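Heads up, the thing below is written out as structure tokens.
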Amino acid sequence: MKKYSFKIFILSVIAMISGCATKPTVDLTPVKEVDLSRYLGTWYEIARYDHWFERGMSHTKAEYTMREDGKIAVVNTGLKDGKLQARTKLTDEPGLLRVSFFGPFYGDFRILWLDNDYKHVLVGGSDADFLWILARTSQIDPATKELILAEAKRRGYDTSLLIWVTH
């Protein structure tokens, strides 16, 4: 009987520890429609979650262009490491792209919110660890900032983790 109780105790402790380590649940549903011809062009990084591959970067922006093979070329530039180029594959979902910066490895690029004028966008990844706010200009007005932050919060993101990029 004691062995059985001890096993239940151990399983309970493991469940508690695992529960503490879970990531927040976020709504990763991409937008249903994207006009790629309007999405292409220059996007300035307004804010982002911290990641090793962008750590310390400022004045960051990305240039999206259509390649001859139907994929999208992405060139990210910023002050620190210069250029970082990527390939982007289209998927059956208009708001979900697959991006590769490092060899054959692709990650989700989820367009979570996009304004009607294609001037501001909220982008996420495959989980709660990735979030970006992008705009066609290097600055956004306070009302737009609040609108985008409200959408991120509604989706379950912790907006206090955003790093506001210097331009």
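Just so it is clear, none of the values below were taken in a lab; they were calculated from the coordinates. These numbers come from a predicted model, not from an experiment. Neighbour counts are summed over all protein chains in view; Cβ atoms, including those assigned to glycine, are modelled from backbone coordinates with ideal geometry.
Working note: Karplus 6.51/-1.76/1.60 with θ = phi - 60° gives region 126-136 the couplings 7, 8, 6, 7, 10, 7, 9, 10, 10, 8, 6 Hz, where Gly and Pro are set to x. Remark on region 27-164: ratio of C-alpha radius of gyration to 2.2 N^0.38 Å is 0.98. Take the Cα of HIS167, step 7 Å toward its Cβ, do the same at ARG136, and the gap between the two points is 1.2 nm. Using the 2.2 N^0.38 Å rule of thumb for compact globular proteins, work out how region 100-167 stacks up: its C-alpha Rg over that value, please. For region 100-167, the normalised Cα radius of gyration is 1.16.
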